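Novice: First the structure, which I've put down as structure tokens, then a few questions once you've had a look.
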Amino acid sequence: MPLQITLPGQNAGGKVVGIDLGTTNSLVAYVEFGEAKVIPGRDGGLVPSVVTLDDYGNVTAVGVAAKRRALVDAGHTVYSVKRLMGKSYSDVQKESGMLSYKLVPREEGLVRITIGGKEYTPIELSGFVLAELKERAEKYFDEPVSKAVITVPAYFNDAQRQATKDAGRLAGLDVLRIINEPTAAALAYGLDRKKNGTFAVFDLGGGTFDISILKLTDGVFEVLSTNGDTYLGGDDIDRRLMELFLSQITRIEPGFTPSPEELQQIRLEAERAKIALSSAHSFTVDLNFTQKNIVYKRNLTRGEVEMVARPVLERTKKPCLEAMKDAGLTPKDIEEVVLVGGATRMPAVKELVHELFHKKPHDSLNPDETVALGAAIQANVLSGGGQDILLLDVTPLSLGIETIGGMMSTIIPRNTTIPTKAQENYTTFADNQTGVIVNVFQGERDLVKDNRHLASFTLKGIPPLPAGAAKVEVNFLIDADGILHVSAKEVYTGIESQIEVKPSYGLSDEEIERMLRESIQFAKQDIAVRKLTESKTEGERVVAATEKVLGQIRRGDVKIAPEKMQTLNINQMIDALYALKKSLAGEDAKEIGDNLSALEHATEPLAHEIMNASVSEALSGKAVEEVS
Ligand code: AMP
């Protein structure tokens, strides 16, 4: 039987779908006859990111059906798990009060959720949503679907991206690419057809806010800067409305303490009111707690919702201004603004964006579908069905390794466009050092103790050589999904060791923000510490080298003619050596520097003499290494 031939670029393994895995809703899309389309189910395109499980770990409902169950079976129904992806319990503790499901209060590792006495990770729960989307696509095409492109907020760090990829794997999907939601949105609006331009993508969804400044140069997209808040979205407006309703209900019924089901009922009504008031000007809130014989009915106006929403919407301003500042741009440099996310349907949001960027934003596409459509366009490219578009994202924090003295040696600076790779050369600090520990850190501070430790590994088997003679190449590669691969290689022997950095849980935006803030706040202090550490390291190296040579002279390993010895002023050298050693015990970088120069000056004639001796010994057949 002839083998099937696969041409380059041709999709060899079935359809590739684009998935927007949202906090509130998820969608699956596909490009058909050159047009990106959301794949509909019985209840429309959106699949609420909600899962219901029974006490035995069986999934009883996903999507619309689960959202309905949320009312009557709150303890078994999970929503907004995207907020918990790649996070620890302490990262999300402040959330737990407002969730109707329980988080396991455990300090170590990833946060877990208890449903019916069983524990689940957010990865597993997202996996159930992805499996539902996969099934939806399979029904639509009537064939298996096993490959996908999944979008994540631009602010997601390595751990969160990895968690999303793992969720895909659990759902039986090969995740070909993780792309940023705003970048996908730009593709959906066909901004790539403009060839050149600078755009802003304002994405206010249910649970996350992202602002990205994109630059398009000759058809190549580059993310100039990103900013945002993974704890900001339409859900926050619902929560504030919910608090308003609750406070008014308890004013009428002071003893009212809502059950989880009643909390859900209030939450859903708050959202219904908010959505209705994006088109209508007034809405009747109607809550009926039949078992407690309580009815809460009132008229709510758009103006009132806007007032409740104002503090939430105001919080989008700072990230926008910072993103423009980071990109070195002002509103007049941004040519077009794109709106994404269900919450941008609010007229108040459109006005705020108009005001911020001095121009009317694009809102012609359904803001719920935009990201999924862009993911589908990227999926189509990966399956060989479209022109290749380059998507370039940036690293939110610098990445590097620890060097002697606990210093951070940055290999990939923050805001570098990914995918990217960089290489730095290092050497050994001690004589005969046969291994180096590579400690990988993330952050902007000069000392690694102030940054975040990501991973460690050891490179063993370096041949015994004098300090500084071995050459260790350290390579950093960040792939298109934002995952870091680190390798270290000793150049002469070729021995190599590597690691893929998958931190057990990631940084919250607050932490990233704090790390950036501190790097500015402590910049002066860091420079001083760096100077002191560097001069101490250099001082210790020179002391060790000088003592080694003096020992060799004393033992006669290095032979210097007695008449030459007179001219070398060994005593002055020893004095300078002790002065340097003394200052190394202190904290004065300048004093260390001065003593270092003095010692180097004092050892110059000896160094010259040794070099001459080495050369003549080498000429007489003795290897240089044996002498030095
Ligand atoms: P997304 O995460 O993009 O699916 O956005 C979901 C958020 O958009 C939720 O908070 C919804 O309540 C909100 N949303 C959807 N439609 C509207 C609307 N017409 N007006 C205001 N908010 C909306």
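The values are calculated or read from the model by the stated rules, or taken from the named source; none is laboratory data. These figures come from a predicted structure and were not determined experimentally. Cβ placement follows ideal geometry from the backbone for every residue including glycine, while neighbour counts extend to all protein chains displayed. Remember, those area values only see protein heavy atoms, side chains included, never the ligands or the DNA or RNA. Shrake-Rupley method; radii C 1.70, N 1.55, O 1.52, S 1.80 Å.
Novice: With +1 on the Cβ of every Lys and Arg and -1 on the Cβ of every Asp and Glu, and nothing else charged, how large is the dipole of the range 129-182 about its Cα centre, in debye rounded to the nearest 20?
Specialist: It works out to roughly 140 debye.
Novice: Take every Cα-Cα distance within the range 94-226, group them into 10 Å bins from 0 onward, and report for each bin the whole-number percent of pairs it holds.
Specialist: Reading the bins upward from 0: 11, 30, 33, 20, 5, 0.
Novice: Sequence-distant or interchain residues sharing an amide H contact under 5 Å with ILE294, placed H: which?
Specialist: Close amide H contacts, sequence-distant or interchain: PHE289.
Novice: Could you work out how far the C-alpha centroid of the range 436-467 sits from that of the range 569-606, in angstrom?
Specialist: 29 Å
Novice: In whole Å, how far is the Cα centre of the range 412-430 from that of the range 292-356?
Specialist: Here the answer is 39 Å between Cα centres.
Novice: Moving to a separate point now. Could you order peptides 279-285, 175-181, 324-330 by the average number of other Cβ atoms within 10 Å of their residues, highest first? Provide the component values of the computation, followed by the final result.
Specialist: On the way: 279-285: 13.0, 175-181: 24.0, 324-330: 16.0.
Packing order, densest peptide first, comes out as 175-181, 324-330, 279-285.
Novice: A further question on this structure: Quickly estimate the mean residue ellipticity at 222 nm for the chain, helices only: each DSSP H run with n ≥ 4 gives -39500 (n - 2.57), and the total goes over all residues, rounded to 500.
Specialist: Helix contribution divided over all residues of the chain: -12500 deg cm²/dmol.
Novice: Taking a threshold of 29 Å on the Cα-Cα distance, which of the pairs LYS87/LYS489; LYS325/LYS350; LYS536/LYS559; LYS15/LYS350; LYS87/LYS350 fall above it? Kindly include the intermediate steps, with their values, before the conclusion.
Specialist: Numbers: LYS87/LYS489 33 Å; LYS325/LYS350 22 Å; LYS536/LYS559 31 Å; LYS15/LYS350 36 Å; LYS87/LYS350 32 Å.
The pairs that break the limit, which is 29 Å between Cα atoms, are LYS87/LYS489; LYS536/LYS559; LYS15/LYS350; LYS87/LYS350.
Novice: Taking 30 Å as R0, compute the FRET efficiency from the Cβ-Cβ separation of GLN423 and ALA545 and round it to 0.05.
Specialist: Efficiency, rounded to the nearest 0.05: 0.65.
Novice: Sticking with this structure for a sec: Quick query: amide H of ALA470 versus all other amide H atoms, modeled in the peptide plane; which residues come in under 5 Å with a sequence gap of 5 or more or a different chain?
Specialist: Sorted by chain and number, the residues that satisfy this are THR428.
Novice: On a C-alpha basis, how far is the centre of the range 155-206 from the centre of the range 24-92 in Å? Whole number, if you could?
Specialist: Centre-to-centre (Cα) distance: 18 Å.
Novice: Quick one: with all protein chains in place, what share of the accessible area of the chain is carbon or sulfur, to the nearest percent (1.4 Å probe)?
Specialist: After summing per-atom areas, the C and S share lands at 52 percent.
Novice: In nanometres, what is the gap between the two model label sites at ASP54 and GLU587, each 7 Å from Cα along Cα-to-Cβ?
Specialist: Label at ASP54, label at GLU587, 6.6 nm between them.
Novice: Which whole-number percent gives the relative contact order of the range 229-331, counting Cα pairs below 8 Å spaced six or more residues apart?
Specialist: Value for the range 229-331: 26 percent.
Novice: Roughly how big is the chain's charge dipole about its Cα centre, with Cβ charges of +1 (Lys, Arg) and -1 (Asp, Glu), in debye to the nearest 20? Before the final figure, lay out the partial values.
Specialist: Details: 71 positive and 88 negative charges, 208 e Å.
The dipole of the chain has a size of about 1000 debye.
Novice: Distance in nm between label sites at LYS118 and LYS297, each 7 Å beyond Cα in the beta-carbon direction?
Specialist: 4.3 nm
Novice: OK, next. Using the C-alpha atoms of the chain, what convex hull volume per residue, in cubic angstrom, is computed?
Specialist: Values: hull volume 138.9 nm³, N = 628.
Roughly 221 Å³ of hull volume per residue.
Novice: What distance in nm lies between label points placed 7 Å from Cα along the C-beta direction at PHE141 and ARG239?
Specialist: Taking the two extended label points, one gets 3.8 nm.
Novice: Can you compute the FRET efficiency between LYS332 and LYS194 using 1/(1 + (r/R0)^6), with r the Cβ-Cβ distance and R0 = 22 Å? Round to the nearest 0.05.
Specialist: Working from the Cβ atoms, E equals 0.80.
Novice: A follow-up question, please. Helix 509-521 against the longest principal axis of the chain: what's the angle in degrees, Cα atoms only, rounded to the nearest 10?
Specialist: Compared with the principal axis, the helix lies near 40 degrees.
Novice: Pulled fully out, how much extra length does the chain show between LYS360 and LYS318, if you take 0.36 nm times their separation in residues and subtract their Cα-Cα distance? Before the final figure, lay out the partial values.
Specialist: Working: separation 42, 0.36 × 42 = 15.12 nm, distance 1.92 nm.
Between LYS360 and LYS318, full extension yields an extra 13.2 nm.
Novice: Related question: Let me see the P(r) profile for the range 197-278: every Cα-Cα distance counted, bins of 10 Å, each bin given as a percent of all pairs.
Specialist: Per 10 Å bin, starting at 0, the Cα pair percentages come out as 16, 31, 22, 16, 10, 4, 0.
Novice: Give the accessible surface of the range 351-464 per residue, rounded to a whole number of Å², with probe radius 1.4 Å and ligands, DNA and RNA excluded. All intermediate terms of the calculation are to be shown ahead of the outcome.
Specialist: Numbers: 4930 Å² over 114 residues.
So the range 351-464 comes to 43 Å² accessible per residue, rounded to a whole number.
Novice: Taking the Cα atoms only, what angle lies between the long axis of helix 302-314 and the longest principal axis of the chain, rounded to 10 degrees?
Specialist: Helix 302-314 sits roughly 10 degrees off the main axis of the chain.
Novice: Find the all-direction average of the projected area of the Cα convex hull for the range 233-354, expressing the result in square nanometres with one decimal place.
Specialist: 8.6 nm²
Novice: Shifting gears a bit: On C-alpha positions alone, give me the angle between the axis of helix 347-357 and the longest principal axis of the chain, in degrees, nearest 10.
Specialist: Its long axis makes an angle of about 30 degrees.
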